[in-house]
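One structure is given below, encoded as structure tokens.
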Amino acid sequence: MKTKIAVLVSGGGTNLQALIDAQGSTLVSGEIALVVSNNPGAYALERARNAGIATAVVTKKQCGSQAAFEEKLKEILAEHGIEVIILAGFMTILTESFTAAYPRRILNVHPSLIPAFCGEGYYGLRVHEEALRYGVKVTGATVHFVNEIPDGGEIIAQKAVYIQPGDTPEVLQKRVMEQAEWVLLPQAAEKVCAQLQK
Ligand code: GAR
């Protein structure tokens with residue numbers, strides 16, 4: 001039996017797409033059984049539907065509080081028998097009451113080499129803006145386990161990407177995705193799912 005994965009998303013879902021495309025090649029020990037978004041308009045939901053994957057939408061607004069939001073998420077994940085959770089551009093912080101329920105079973109992809117340009121407030125394009133502002137010559141992506149500290153869990157994999165003269169945040173974001181995130185995330189997902197089956 002494959003490990004059942006839920007992918008949590010908020011936006012475009014290119015990392016979700018990389019996971020979908022990796023099924024049957026890089027990703028063989030796990031299968032994406034559910035995609036959950038906190039944004040009803042996320043294009044990632046469309047990608048899931050196109051791949052025939054079950055979807056759910058849970059918003060903080062609809063739930064009324066962070067605690068109720070996290071309880072609802074847990075309920076949906078349990079209903080689908082989810083064993084591993086992948087945060088792929090999920091732009092909301094999860095507190096300890098959620099993360100402690102899935103020790104070493106939640107993965108996140110972050111678009112920098114942690115511990116640089118990470119933690120609360122560092123998400124999406126902002127990470128690349130800050131890397132360029134600082135003037136680093138090398139950045140990259142990190143896949144790590146999620147605990148109660150934002151971007152603070154154990155690192156599973158990292159890949160470096162060089163900054164080029166004239167890079168804009170958008171150009172850099174695309175290079176980091178192509179060269180690092182879309183490669184690393186399916187590999188890390190496979191590693192974690194395979195270990196759970198031992
Ligand atoms: C990705 O670059 C991901 O690493 C980043 O948001 C983007 C989502 O793109 N996540 C964070 O910054 C989390 N702190 P996608 O929706 O196309 O996968």
Spans of strands (runs of 3 or more DSSP E) in region 90-198 with at least 3 residues touching a helix residue (DSSP H, G or I) at 6+ places or on another chain (Cβ under 8 Å) and among the hydrophobic types (A, V, I, L, M, F, W, C): 106-110, 155-162
Consider only pairs whose beta carbons are under 9 Å apart and that are at least six residues apart or on different chains; among these, list those whose first residue lies in region 20-45 and is closer than 21 Å to residue 81 by Cβ and whose second residue is within 11 Å of the ligand (Cβ to nearest atom) and among the charged types (D, E, K, R). 20/47; 35/47
Any idea how many residues of region 133-150 are touching a strand residue (DSSP E or B) at 6+ places or on another chain (Cβ under 9 Å) and on the phi < 0 side of the Ramachandran plot? 10
Would you mind stating whether residue 68 is out of contact with any Phe, Trp or Tyr (no Cβ under 9 Å at 6 or more places or on another chain), more than 16 Å from the ligand (Cβ to nearest atom) and either modelled with pLDDT of 95 or more or part of a strand (DSSP E or B) (or both)? yes
For region 111-128, what are the residues that are more than 8 Å from the ligand (Cβ to nearest atom) and closer than 15 Å to residue 14 by Cβ? 125, 128
Hits in region 160-172 (condition: within 12 Å of the ligand (Cβ to nearest atom) and surrounded by fewer than 20 Cβ atoms within 10 Å (Cβ to Cβ)): 169, 170
Inspect region 44-52 for any residue being within 27 Å of residue 95 (Cα to Cα) and polar (S, T, N, Q) and give the result as yes or no. no
Of the residues in region 1-38, those that are more than 10 Å from the ligand (Cβ to nearest atom), of a type outside the set (Ser, Thr, Tyr), assigned to a loop (DSSP other than H, G, I, E, B) and at pLDDT 95 or above come to 2, 24, 28, 38
Which residue, of 130, 178, 148, 154, is under 19 Å from residue 17 (Cα atoms), at pLDDT 95 or above and not aromatic (Phe, Trp, Tyr)? 178
Among residues belonging to region 87-110 that are without any contact (Cβ under 8 Å) to a residue 60 or more places away in the chain and near the ligand (Cβ under 9 Å from one of its atoms), point out the one that is nearest to residue 144 (Cα to Cα). 108
Please go through region 174-198 and pick out each residue that is within 15 Å of the ligand (Cβ to nearest atom) and among the acidic types (Asp, Glu). 178, 181
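The values are calculated or read from the model by the stated rules, or taken from the named source; none is laboratory data. Model, not experiment: these values are computed from the prediction. All Cβ positions, even for glycine, are placed from backbone atoms using ideal geometry, and neighbour counts span all protein chains on display.
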